[in-house]
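Right, one structure below, let's go through it.
The values are calculated or read from the model by the stated rules, or taken from the named source; none is laboratory data. Since the model is a prediction, treat every value here as computed from it, not as a measurement. With ideal geometry, Cβ positions are generated from the backbone for all residues, glycine too; neighbour counts draw on all protein chains shown. Calculation scope for accessible area: heavy atoms of the full protein, side chains included, ligands and nucleic acids excluded. Shrake-Rupley method; radii C 1.70, N 1.55, O 1.52, S 1.80 Å.
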Amino acid sequence: MKLIILGPPGAGKGTQAEKIVEKYNVVHISTGDIFRANLKGNTPLGIKAKEYMDKGLLVPDDLTVEMVKDRLAQDDVKANGYMLDGFPRTLAQAGALDQMLSEQSDKLDCALAITVDYKLLTERIVGRRLCKCGASYHVSFNPPAKEGICDKCGAELYQRDDDKEETVVTRLEEYDEKTLPLINYYKDKGILREVNGQKDIAEVTADIYAVLDDYR
Ligand code: AP5
Ligand code: MG
Ligand code: ZN
């Protein structure tokens with residue numbers, strides 16, 4: 001199965017990606033996570049990306065596309081397929097992905113869009129807490145058993161640098177202007193599937209499973 005997961009910042013892409021991996025065993029590729037790993041490692045790519053990420057802006061297409069190309073060339077994506085989380089995010093990136101796939105006589109099965117009213121997103125993002133093991137929580141909507149501590153590994157939780165209210169405004173504007181057109185792009189291709197992301201996390205997961213079972 002090859003899919004992309006679309007939705008505004010805070011829609012629940014990362015949260016649901018974890019559940020999708022559990023059931024369908026696809027490789028989870030989050031461009032945001034790869035940028036953050038580069039940032040942490042102080043690589044040239046990380047240093048360039050930081051300029052944009054700190055402001056809530058999209059990283060330029062050429063850097064992003066190159067990074068995804070490298071990632072999709074690795075062997076692990078060949079077995080059970082993959083799920084791109086946070087890519088593509090512009091029409092140019094979507095075109096580049098189509099090109100990469102067609103070069104291998106391949107195509108996407110599904111573009112899964114999680115829809116959430118923008119009014120709800122700021123609270124979701126500002127309350128998000130993360131663990132270095134990859135687990136993700138929310139102070140009110142998905143709290144760990146012990147405040148500030150990861151249920152899975154016991155490490156201390158942290159907040160993402162761009163999860164400040166003022167940065168969230170820019171991230172939402174970027175989404176609206178540059179990423180929202182992808183909804184129609186994939187609708188026109190006939191592969192868009194939409195899921196209401198405003199229900200409880202577990203209900204959203206159940207709805208997503210009902211959609212993705214079609215592609216098994
Ligand atoms: P990225 O890391 O992709 O961030 P994002 O798109 O802003 O999305 P988030 O990770 O904030 O949200 P999410 O949908 O994953 O929500 P989550 O599941 O965590 O990108 C970061 C930056 O990297 C970009 O700004 C850009 O600079 C750069 N970048 C990345 N990709 C790029 C690209 N392709 N091109 C250019 N630049 C790129 O959930 C959020 C919170 O809500 C959590 O606390 C969660 O517990 C809670 N929650 C989830 N679901 C529910 C629910 N149903 N009910 C209640 N709470 C919920
Ligand atoms: Mg995410
Ligand atoms: Zn952990």
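Details
- Taken over the range 125-166, the residue count meeting the criterion of being assigned to a loop (DSSP other than H, G, I, E, B), open to solvent by 70 Å² or more (accessible area, probe 1.4 Å), among the acidic types (Asp, Glu) and over 20 Å from GLU22 (Cβ atoms) is 2.
- Residue count, the range 111-122 (criterion: of a type in the set (D, E, K, R) and either surrounded by 20 or more Cβ atoms within 10 Å (Cβ to Cβ) or touching a strand residue (DSSP E or B) at 6+ places or on another chain (Cβ under 9 Å) (or both)): 0
- Here the condition is being surrounded by fewer than 16 Cβ atoms within 10 Å (Cβ to Cβ), within 30 Å of GLU203 (Cα to Cα) and in contact (Cβ under 8 Å) with a residue 40 or more places away in the chain; of LYS19, LYS23, it holds for LYS23 alone.
- Taking the conditions (1) farther than 25 Å from GLY190 by Cβ; (2) touching a helix residue (DSSP H, G or I) at 6+ places or on another chain (Cβ under 7 Å); (3) not in a loop (DSSP other than H, G, I, E, B) in turn, GLY10 satisfies each one other than (3).
- Any pair with Cβ under 8 angstrom, 6 or more apart, that starts in the range 61-78 at a residue that is under 19 Å from THR179 (Cβ atoms) and ends at one that is modelled with pLDDT of 95 or more and among the β-branched types (Val, Ile, Thr): ASP61/THR90; THR64/THR31; MET67/THR31; MET67/ILE34; VAL68/ILE29; VAL68/THR31
- Answer from LEU130, LEU121, LEU157, LEU172 - the residue that is closer than 15 Å to LYS13 by Cα, at pLDDT 95 or above and within 12 Å of ligand 3 (Cβ to nearest atom): LEU130
- Qualifying residue in the range 172-188 (condition: touching a Pro at 6+ places or on another chain (Cβ under 8 Å), open to solvent by less than 60 Å² (accessible area, probe 1.4 Å) and under 14 Å from ILE4 (Cβ atoms)): yes
- Among helices (runs of 4 or more DSSP H) entirely within the range 38-124, having at least 1 residues that are under 15 Å from the mean Cα position of the chain (by Cα) singles out 44-53, 61-72, 91-103.
- Among the residues making up the range 133-145, those that are more than 16 Å from the chain's Cα centre (by Cα) and within 10 Å of ligand 3 (Cβ to nearest atom) are CYS133, PRO144.
- Within the range 26-37, restricting attention to residues that are open to solvent by 50 Å² or more (accessible area, probe 1.4 Å) and more than 12 Å from the chain's Cα centre (by Cα), the residue that is nearest to ligand 2 (Cβ to nearest atom) is ARG36.
- Residue match in the range 189-204 (condition: in a helix (DSSP H, G or I), more than 9 Å from ligand 1 (Cβ to nearest atom) and open to solvent by 30 Å² or more (accessible area, probe 1.4 Å)): yes
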